[in-house]
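Working notes, beginning with the structure itself.
The values are calculated or read from the model by the stated rules, or taken from the named source; none is laboratory data. Owing to the predicted nature of the structure, the values given are computational and were not obtained by experimental measurement. Positions of Cβ are generated from backbone atoms using ideal geometry, with glycine treated the same way; all protein chains shown enter the neighbour counts.
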Amino acid sequence: MFSRDNLFFGGIFAVTTVIFMIWGFNYLTNHYTLFVLATLFGIFMAFNIGGNDVANSFGTSVGAKTLTVKQALMIAAIFEISGAMLAGSAVTDTVRKGIVDVSQMTFEPMLFVFVMMGALLASAFWLLYASKKGYPVSTTHAIIGGILGASIALGYVTMEEGGSVFGLVRWNEIGKIVISWVVSPILGGMASYGIYWYLKKNILDYNDTVEEHIDDIKFKLAQLKALHDEATATAEEKASYEEQVNELHRLKKKSNAFYALRTHAPLAAAFGVGMIASMLLFKGLKHAHLGFDNTQIFLLIATFSTLTYGIVFSIIKVMHKDSPHKATMRLFSMLQVLTASAFAFSHGANDIANAVGPFAAIIDILATNSLNAQSAIPVILMATFGVALVAGLWFIGKEVIDTVGSRITEIFPVTGFAAELGATFIIMLATVLGIPVSSTHILVGAIIGIGMLNRNANWALMKPIAMAWVVTIPVAAVLAAIFFFILKVLFGY
């Protein structure tokens, strides 16, 4: 049964795909059948990235009830595509040209098209299965496993021409990536643990102590009022009761319930904005030629952070009608929208490359009949795959959102903010360095870090998730090798 929303988002997805197909027919002079198939495989891969990785990215925000699925979709549409188009080039190059050595390629270039097509299709099918099971897995694992398997198959095919079964794979690059996969969840967990520990100790625990103190005062006030209202109370006793009541009211006012929130929340917000601005100015907009030197950029970051500090401080000052707990949840719900947006930007910068990189290599070969060392990635390609990614979030992302948002550990706005901010920091750092890390491992590690601090991590659920992580590379590799041979036979190469 299709709702209006499904028809609306599905219609946009279909129209965008058709427009891209028309562009491709004008861009290429031949190989139209291969182009159509490759486009379907690439868009299918981007769709499943949205259903797994983007759903994984927004699980904390939806689980904390900070965002609805529709709101998450809107943020994903804006920031995922922006991240891909502004800051994704370095990672795209690493995935496309760093894993496989094609510098001395002597075989038919079309065979490499089948390598990338097989990798895209294999990765997409595995991601679809994982998404339906609710397992957040790594699209980076999947695509690199696919490229590995198909490249080994290509090596087997070219053995008679002097090739080697394993000769195309740059194992040193694979080693670096594997190390980053091991380290990234640990770093994600450490980052979120540290951020949440700071917020818990300085805001949440303080708020609990103050609210307990205020509750004690309210109880004593109620007792005094009852004594004051007794008919047998003398005038002196009533006067004494009134003095005690006034003293308790003064104590209640001195219980500065918003001290911790005013002191620490603006600092956390300023840090988050400063980090996001650093990524945007130093990396994301470097191709825009804004003309700023490093000193000016640091001044801009300081300005954004200071402005954020003042805005958050002002917001807290008008929240005094709320209890400390309610005010904290409301404030961090706002801040979590900020971190969700930043996480979407960093995810788009890093992980859309898993679909765009192989497809860019495909259309480069179809257009030139050779694999060039460098080739421009058309803007329409990034935009189309970005739309597919957002569509995947809408249509098949629910199970992964449920897993990340509520089943690994309890998520509320403060923990969601800490997990997203910690994960964003690690992913942005990796993007700046051009390393294709797994945002899934980082964010799940960050959520586990929160669960460890709160002592409510669902370790039983982590067993099948960890197993899915382990088998992602071999499953994608085997499927990609099979698809490579099928495509080779179908097209007569």
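For the reader, a short list of remarks on this structure follows.
- Among the conditions (1) hydrophobic (A, V, I, L, M, F, W, C); (2) in contact (Cβ under 8 Å) with a residue 40 or more places away in the chain; (3) surrounded by fewer than 19 Cβ atoms within 10 Å (Cβ to Cβ), the only one that Leu331 does not satisfy is (3).
- The conditions of being surrounded by fewer than 24 Cβ atoms within 10 Å (Cβ to Cβ), touching a residue at least 60 places away in the same chain (Cβ under 8 Å) and of a type in the set (Ser, Thr, Tyr) are not met by Ser439.
- Failed item in (1) over 27 Å from the mean Cα position of the chain (by Cα); (2) part of a helix (DSSP H, G or I), with Asn30 passing the rest: (2)
- Reported count of residues in the stretch 335-389, each being buried (at least 24 other Cβ atoms within 10 Å of the Cβ), modelled with pLDDT of 80 or more and either among the hydroxyl-bearing types (Ser, Thr, Tyr) or at positive phi (or both), is 2.
- Answer residue from the stretch 390-413, given it is hydroxyl-bearing (Ser, Thr, Tyr) and in a helix (DSSP H, G or I) and is surrounded by the most Cβ atoms within 10 Å (Cβ to Cβ) among those: Thr403
- Among the residues listed as Thr232, Thr303, Thr209, the single one being over 31 Å from the mean Cα position of the chain (by Cα) and modelled with pLDDT of 75 or more: Thr209
- Verdict on Phe425 being of a type in the set (A, V, I, L, M, F, W, C), buried (at least 23 other Cβ atoms within 10 Å of the Cβ) and in contact (Cβ under 8 Å) with a residue 24 or more places away in the chain: yes
- Subset of the stretch 437-484 that is in a loop (DSSP other than H, G, I, E, B) and either within 22 Å of Ile177 (Cα to Cα) or among the charged types (D, E, K, R) (or both) - its residue that is nearest to the chain's Cα centre (by Cα): Ser438
- Yes/no for Ala76 being hydrophobic (A, V, I, L, M, F, W, C) and touching a residue at least 40 places away in the same chain (Cβ under 8 Å): yes
- Elements of the type helices (runs of 4 or more DSSP H) sitting completely within the stretch 48-158 and holding at least 1 residues that are among the acidic types (Asp, Glu) and modelled with pLDDT under 90: these cover 89-93.
- Residue among Tyr198, Tyr193 that is closer than 27 Å to Phe271 by Cβ, surrounded by 17 or more Cβ atoms within 10 Å (Cβ to Cβ) and at pLDDT 80 or above: Tyr193
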